[in-house]
Amino acid sequence: MTGNLLDGWRAEEYGRSRDGIALRVFMPETHGPVGGLLIAAQHGEEAATALLARRLLERVSADETTWAVVPVANPDGLINGTRQNAAGVDLNRNFPSATWLPDHSFTYPPGIEQERRVLDNRTNLSSPGEHAGSEPETQALIALIGRLRPPLILDIHSPLELVLPCGDVPTGLVESLSRAAGLPVVEALGAPCPGAFDQWLIEAGIPGIIYEVEHAGLPALCARHLPGLETLVRSNSVI
Ligand SMILES: [Zn+2]
């Protein structure tokens with residue numbers, strides 16, 4: 001690796017954000033089918049997930065994996081420090097699943113203390129988009145998934161500290177990730193999430209794992225989560 005360049009990874013633009021920023025996927029060296037797709041920073045205030053994905057790209061060279069990686073699914077939000085994209089849309093409420101709703105969605109303000117995460121404090125308002133799948137980031141990600149046809153998707157968020165399998169994900173793989181990082185496996189989140197990416201994945205028949213890290217500094221996040229994630233993306237027989 002030299003400077004900011006990554007060893008063998010090919011950065012491809014797969015679309016543009018609402019504000020016109022390039023959406024980039026890092027492709028492995030192989031031109032064959034991908035083993036999976038890892039996505040981070042769909043919520044822009046979860047910047048640590050983008051950094052974690054970047055550290056993964058630096059540790060795993062492009063010839064050691066068949067996975068593709070989108071380190072920043074929501075660059076507008078990352079730059080603005082917001083959950084939403086530049087149009088105020090929570091991308092994770094914009095997917096064209098049967099659960100999509102036109103109502104504003106409520107989430108916790110970024111960085112809220114753990115003890116204040118009670119329903120009354122869900123005061124961060126987002127638009128779900130003018131219609132299901134209205135946002136360029138959502139459309140581009142769906143098109144990318146249609147093109148790559150990954151057999152598994154790992155979507156990294158924070159700060160819930162859990163692993164949530166969606167659809168037909170091999171139990172052993174979920175347990176390995178859970179064990180490596182000491183994260184509990186849960187079957188569902190407590191609050192409804194209409195138009196969420198995981199719901200769309202289930203309806204599309206694409207196995208997915210929502211991987212939620214804790215609120216912590218980057219060294220702690222790397223120490224806890226990179227070993228399991230590295231093992232996952234280095235494995236060429238995940239499904
Ligand atoms: Zn999130």
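Every number here is computed from the coordinates shown, using simple stated rules; none is lab data. This one's a predicted model, so the numbers in the text were calculated from it and none came from an experiment. Reconstructed Cβ throughout: ideal geometry from the backbone, glycine too, with neighbour counts over all protein chains shown.
Stretching Leu189 away from Asp7 to a fully extended chain increases their span by 61.8 nm, per 0.36 nm per residue minus the current alpha-carbon distance. Between Thr123, Thr65, Thr99, find the one with the highest GNM mean-square fluctuation for the chain; connect C-alpha pairs within less than 10 Å. Comparing Thr123, Thr65, Thr99 in the GNM, the peak value goes to Thr123.
Distance between the modelled labels on Thr30 and Ser176, one decimal in nanometres: 1.4 nm (7 Å Cα→Cβ projection). With the Kirkwood sum run over all distinct C-alpha pairs, segment 1-87 has a hydrodynamic radius of 13.2 Å.
Springs join every pair of Cα atoms under 10 Å in this Gaussian network model of the chain, and among Glu115, Glu203, Glu175 the largest mean-square fluctuation is at Glu115.
Between segment 1-55 and segment 97-172, what is the separation of their alpha carbon centroids in Å? If we compute the Cα centre of each part, the gap is 18 Å. Springs between Cα atoms under 10 Å define the GNM used for the chain, and in it the highest mean-square fluctuation of Leu189, Leu125, Leu226 occurs at Leu189.
Please report the net charge: other residues with Cβ closer than 9 Å to the Cβ of Gly129, K and R +1, D and E -1.
Values: positive: Arg93; negative: Asp90, Glu130, Glu135.
Local net charge: -2.
The residue among Ser158, Leu5, Ala140 whose Cα reaches farthest toward the positive pole of the charge dipole of the chain, with charges on the beta-carbon of Lys, Arg, Asp and Glu, is Leu5.
Given a cut-off of 31 Å, what percent of all Cα-Cα pairs of the chain lie beyond it? Working shown, then result.
Details: 4244 of 28441 pairs.
Distances greater than 31 Å cover 15 percent of the Cα pairs.
Let me know the charge dipole size of segment 98-239 about its Cα centre in debye, to the nearest 20, where only the beta-carbon of Lys, Arg (+1) and Asp, Glu (-1) is charged. Working shown, then result.
On the way: 8 positive and 17 negative charges, 80 e Å.
That gives a dipole near 380 debye.
Taking the charge dipole of the chain about its Cα centre, with +1 at Lys and Arg Cβ atoms and -1 at Asp and Glu Cβ atoms, the residue from Leu56, His104, Pro194 reaching farthest to the positive side is Leu56. Each Lys or Arg adds one and each Asp or Glu takes one away; over the other residues whose Cβ falls under 12 Å from the Cβ of His104, this sums to 0. Relative to the current alpha-carbon distance between Ser61 and Ala216, full extension at 0.36 nm per residue lengthens the span by 53.2 nm. For segment 104-118, putting each phi into the Karplus relation 6.51 cos²θ - 1.76 cosθ + 1.60 with θ = phi - 60° gives couplings of 4, 9, 10, 9, 6, x, x, x, 4, 5, 3, 6, 9, 7, 10 Hz, in residue order, rounded to whole numbers and with x for Gly and Pro. Mean separation of Cα pairs under 8 Å and 6 or more residues apart, divided by the residue count, gives segment 1-124 a relative contact order of 24 percent.
Residues whose amide H comes within less than 5 Å of that of Ile39, counting only those at least five positions distant or on another chain, are Val70, Leu154, Asp155, Ile156 (H built at 1.01 Å from N in the peptide plane).
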